[in-house]
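Asker: This is the structure I have questions about; it appears just below.
The values are calculated or read from the model by the stated rules, or taken from the named source; none is laboratory data. Everything quoted here is computed from the prediction, not taken from an experiment. Virtual Cβ from ideal backbone geometry, glycine too; neighbours counted across all protein chains shown. For accessibility, only protein heavy atoms count, side chains too; no ligands or nucleic acids. Shrake-Rupley method; radii C 1.70, N 1.55, O 1.52, S 1.80 Å.
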Amino acid sequence: MRFEESFMHFILHHQERHNRTYHFLILMDALISAAKHIQHYYLTGALKGNLGLAGEVNVQGEDVMRMDQIAHEITINYLRSSGRVIHAVSEEAEEVIEMDTKGGRYFVYFDPLDGSSNVSHGLPVGFLFGIAKRNLDGPEDGHLRAGKDYRAAGMFVIPTGTFTIALKASGTWRFHIDETMSFVKPFRMILPQNSKTWELSFNAANRYTFSKRVQNWIAQKERTYAFRYLGALAGDFHRILSNGGMFMYPAIVNHPKPEKNRLQGKLRLMYEAAVVAFMCREAGGDAVDETGTPILEIQPENQHQRTALYVGSKLLVDEIAQILQS
Ligand code: FDP
C-alpha cells in the first residue's frame with residue numbers, strides 16, 4: 001500500500017530540516033482547518049442553493065455574498081484559537097484585527113473568498129493568504145509589510161481541493177485533497193520555460209480601457225498565446241503556474257466613463273497581488289505593477305491598498321516591465 005506525504009508532514013520535515021520551532025506548523029494547521037471548513041460550507045451551500053447575496057456592503061463598497069462573511073468568520077475563529085497570530089488583515093474587515101498581541105508571532109493577510117462573482121455559480125473561488133513574522137528580538141515592526149518580507153504565501157482553490165504554497169527560499173509546492181480531506185502529494189511548481197503552453201489571462205472586456213502601450217503589447221501577443229479567464233485570481237493564477245504565461249489586471253486609464261477609471265488597479269496588494277507574486281517568484285517567475293516596479297518591493301501604506309498586477313513567466317513580465325517603464 002502506498003501512502004502519500006501529507007502537507008502537515010511536509011511542513012514538519014521542513015521546520016525540522018531548518019531547525020525551526022513548531023509555531024508555524026500550528027498556524028498552518030489553523031489555515032488548513034479554515035480552508036476545509038470553508039470548502040464544506042461552499043459545497044453544502046451550493047447543494048442547498050443558499051449561496052446568495054447577504055444584502056450587506058463590504059468595506060470596499062461591494063456587495064458581500066453570504067459566503068464571503070462566513071469564510072471570514074471561519075478563518076478568524078481558527079486563527080484566533082491558534083494563539084500564534086498577533087494581527088490579521090482580512091478583505092472583509094476594514095480595521096486590522098487584533099489577536100494575541102503578547103504571544104502572537106505572525107501577521108496574516110487574507111482574502112477568505114476571492115472571485116466572488118463565481119460564488120452563485122458554484123464555480124472555483126480562492127482563499128489567499130500571506131504570512132509575515134513579528135520581529136521577536138527588536139522593536140515592534142507593525143503589520144504593513146512588503147511582500148519580500150513574507151515568510152510564506154499560498155492559496156486554496158475551493159472547491160477543487162488544490163492547495164499551493166510558497167515558503168521563503170524553499171520553492172512553491174502544490175497539494176491535492178484526498179478522500180480523507182488531507183492535502184497530500186507535494187509537487188514542486190516551476191514555471192515552464194517552453195512557451196508552447198503559455199497563456200494570457202485578463203478581462204478582455206477591459207482591454208480598450210488599458211493604457212495604449214499595454215493595448216499595443218496585447219495586440220502583438222494575441223496570436224502567439226492562448227487566452228483564458230475564469231474571473232477568480234486563484235483559479236487563473238493556478239493555470240499560469242502550471243502552464244506559464246501571464247495573468248494581468250492592468251490599471252484602467254481609458255474608461256469611456258472617466259469616473260470608472262481605476263488608476264491604482266483593482267486587486268489588493270497585501271492579500272492578493274503580493275501573495276501570487278511571492279508564489280510566482282519562488283516558482284521562477286516575477287510580478288510588477290503599472291510602473292514596472294516589482295510587486296514584492298512595494299511598501300504598503302494601507303492594508304487595503306490596490307495595485308495593478310502583471311504576474312507570470314519572467315520573460316513576459318520583464319518585457320511588459322520595460323514597456324511600462326519607458
Ligand atoms: P472578484 O471581484 O469577483 O472578487 O479581486 C477580486 C477579483 O474577483 C479577482 O479574484 C479576479 O481576478 C478579479 O477580481 C475579477 O475582476 P473582474 O470581474 O473585473 O474581471
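Asker: Residues in the range 193-221 that are more than 14 Å from the ligand (Cβ to nearest atom) and either aliphatic (A, V, I, L, M) or open to solvent by less than 80 Å² (accessible area, probe 1.4 Å) (or both): how many?
Answerer: 11
Asker: Another question about this same structure. Report yes if residue 241 is within 10 Å of the ligand (Cβ to nearest atom) and either at pLDDT 95 or above or open to solvent by 10 Å² or more (accessible area, probe 1.4 Å) (or both), otherwise no.
Answerer: Taking the combined requirement at face value, the residue does not satisfy it.
Asker: Of the residues 235, 265, 231, only one is within 9 Å of the ligand (Cβ to nearest atom) and in contact with a Pro (Cβ under 9 Å, 6 or more places away or on another chain); which? Give the derivation first.
Answerer: On the way: 265 fails: within 9 Å of the ligand (Cβ to nearest atom); 231 fails: in contact with a Pro (Cβ under 9 Å, 6 or more places away or on another chain).
Of the residues listed, the single one that is within 9 Å of the ligand (Cβ to nearest atom) and in contact with a Pro (Cβ under 9 Å, 6 or more places away or on another chain) is 235.
Asker: Look through the range 244-262, keep the residues that are more than 30 Å from residue 189 (Cα to Cα) and not basic (Lys, Arg), and return whichever of them is nearest to the ligand (Cβ to nearest atom).
Answerer: Looking only at the range 244-262, we keep the residues that are more than 30 Å from residue 189 (Cα to Cα), and these are 252-262.
Pick out the ones that are also not basic (Lys, Arg) and you get 252-256, 258-259, 261.
Details: 252: 9, 253: 15, 254: 15, 255: 12, 256: 16, 258: 17, 259: 16, 261: 13 Å.
Restricting to residues being more than 30 Å from residue 189 (Cα to Cα) and not basic (Lys, Arg), the top hit is 252.
Asker: Please list, ordered by residue number, the helices (runs of 4 or more DSSP H) wholly in the range 174-286 having 1 or more residues that are closer than 20 Å to residue 158 by Cβ.
Answerer: Passing ranges, in order: 233-243, 274-282.
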